[in-house]
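> Below you'll find the structure I mean.
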Amino acid sequence: MNKSAQKEAVFTAVVNVLKEEGIKIIEGKAVTMSKEQRAKVNGILFDGFRAGNIELEDASSYSDSDLKGYVSGLQSNWLRKDKRLNGGTQYVAKNPGSRAGSGDASLKAMKTLLSTLTKEEEKAEVQAHIDSRLAEIAASKAKTVAIDYTALPADLAAKFKKS
């Protein structure tokens, strides 16, 4: 049995719930749903995960309340991101970069330490280390770009070309 991708499962559930109520999805128009409709979609997704019909690594490790929370967030996520449901618009993150360095153990430990401190001078010291580590991470990910200065207008090439 093939499992559905989460994105497709959300889309299918939304379409089925709206179709059941006589509402057709119109291309280029964002889907708006009532609390009751969203609850029905959540129920379909929850049942799909529990039945093993939707992809989720180790779904059995989720308690019912955790899975219900996951399903609610999943639906919200794809209502924003899926162009078939959001009116055909490209999704743009509200806070890009807010997760910067989230996989770095050192940075994670420093942020945890920062949250325990009360003295401003100690907070400032730890924050300086955090900022420094974020800069290191950003520098290691920086792209090197080759610029064809011969293709630029002469005044820009002269101004920006590094000898």
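> How far is helix 105-116 tilted, in degrees, relative to the longest principal axis of the Cα atoms in the chain, given as a value from 0 to 90 rounded to the nearest 10?
In the chain, helix 105-116 runs at an angle near 80 degrees to the longest axis.
> A follow-up question, please. Pull out the extension gain between L113 and L134, defined as 0.36 nm times the separation in residues minus the alpha carbon to alpha carbon distance; nm, one decimal. Before the final figure, lay out the partial values.
Details: separation 21, 0.36 × 21 = 7.56 nm, distance 1.58 nm.
So the extension gain works out to 6.0 nm.
> Grab the eigenvalues of the alpha-carbon gyration tensor for the stretch 96-163, scale each by 5, take roots, and send me the semi-axes largest first in whole angstrom. Could the numbers behind the result be given before it?
Values: eigenvalues 316, 38, 15 Å².
Rounded to whole Å, the semi-axes are 40, 14, 9.
> Still on this structure: On the Cα set of the stretch 6-81, report Rg and Dmax in Å, please.
12.4, 38
> While we're looking at this one, here's another question. Please tell me which of these pairs span more than 19 angstrom C-alpha to C-alpha: K19/K81; K7/K81; K35/K68; K24/K94; K29/K81; K141/K161?
Numbers: K19/K81 21 Å; K7/K81 9 Å; K35/K68 15 Å; K24/K94 29 Å; K29/K81 13 Å; K141/K161 23 Å.
Over 19 Å Cα-Cα: K19/K81; K24/K94; K141/K161.
> Sticking with this one: Dipole size in debye (nearest 20) for the chain around its Cα centre, Lys and Arg Cβ +1, Asp and Glu Cβ -1?
Using only the charged Cβ atoms, the result is roughly 540 debye.
> Something else about it: When the dipole is taken about the Cα centre of the stretch 71-163, and only Lys, Arg (+1) and Asp, Glu (-1) are charged at their Cβ, what size is it in debye, to the nearest 20?
Values: 16 positive and 10 negative charges, 106 e Å.
Dipole of the stretch 71-163, to the nearest 20 debye: 500 debye.
> Right, something else. Which residues' amide hydrogens lie under 5 Å from the amide hydrogen of S4, considering only partners 5 or more residues apart or on another chain, with H built in the peptide plane?
Close amide H contacts, sequence-distant or interchain: I54, E55.
> How large is the helix-only mean residue ellipticity at 222 nm for the chain, computed as the sum of -39500 (n - 2.57) over DSSP H runs with n ≥ 4, divided by its residue count, in deg cm²/dmol to the nearest 500?
On the way: 6 runs with 91 residues, N = 163.
Taken over the chain, the calculation gives -18500 deg cm²/dmol.
> Shape verdict for the chain, please, from the Cα gyration tensor: rounded (a/c under 1.5), prolate (a/b greater than b/c) or oblate. Walk me through the intermediate numbers first.
Values: a/c = 2.74, a/b = 1.49, b/c = 1.84.
It is oblate, given that a/c is not under 1.5 and a/b is not larger than b/c.
> What residues have an amide H closer than 5 Å to that of A30, excluding those fewer than 5 places away on the same chain, when H is modeled at 1.01 Å from N in the peptide plane?
Counting only residues 5 or more places away or on other chains, the set is G87.
> Please give the FRET efficiency for R50 paired with N77, using the beta carbon to beta carbon distance and R0 = 22 Å, rounded to the nearest 0.05.
Working: r = 20 Å, r/R0 = 0.89.
With R0 = 22 Å, the Cβ-Cβ based efficiency is 0.65.
> How far is helix 6-20 tilted, in degrees, relative to the longest principal axis of the Cα atoms in the chain, given as a value from 0 to 90 rounded to the nearest 10?
40 degrees
> Nearest 20 debye, what's the magnitude of the dipole of the stretch 23-93 about its Cα centre given +1 on Lys and Arg Cβ and -1 on Asp and Glu Cβ?
Values: 11 positive and 9 negative charges, 105 e Å.
With Lys and Arg at +1 and Asp and Glu at -1, about 500 debye.
> Can I ask one more? In whole Hz and in residue order, list the ³J(HN,Hα) couplings for the stretch 66-71 that follow from phi through the Karplus curve 6.51 cos²θ - 1.76 cosθ + 1.60, θ = phi - 60°; x for Gly and Pro.
5, 5, 5, x, 4, 5
> So between A59 and S106, what do we pick up on full extension, going 0.36 nm a residue minus the alpha carbon distance? It would help to have the intermediate numbers written out before the result.
Details: separation 47, 0.36 × 47 = 16.92 nm, distance 3.00 nm.
13.9 nm is the gain from fully extending A59 to S106.
> Here's a follow-up. Relative contact order for the chain: what percent, with Cα pairs under 8 Å and sequence separation of 6 or more? It would help to have the intermediate numbers written out before the result.
On the way: 105 pairs, mean separation 32.4, N = 163.
Relative contact order comes out at 20 percent.
> Suppose the chain between E21 and E121 were pulled fully straight at 0.36 nm per residue; how much longer would it get relative to their current alpha carbon spacing?
On the way: separation 100, 0.36 × 100 = 36.00 nm, distance 5.97 nm.
Taking 0.36 nm per residue and subtracting the Cα distance, the gain is 30.0 nm.
> Can you tell me which aspartates and glutamates have their Cα less than 18 Å from the Cα of K111? Leave out same-chain residues fewer than eight positions away.
E120, E121, E122, E125, D131, E136
Laboratory data are not the source of any read-out in this text; all were calculated from the coordinates shown. Given the structure is predicted, the values throughout are model-derived calculations rather than measurements. Ideal geometry is used to build each Cβ from the backbone, glycine not excepted, and the neighbour counts take in all protein chains shown.
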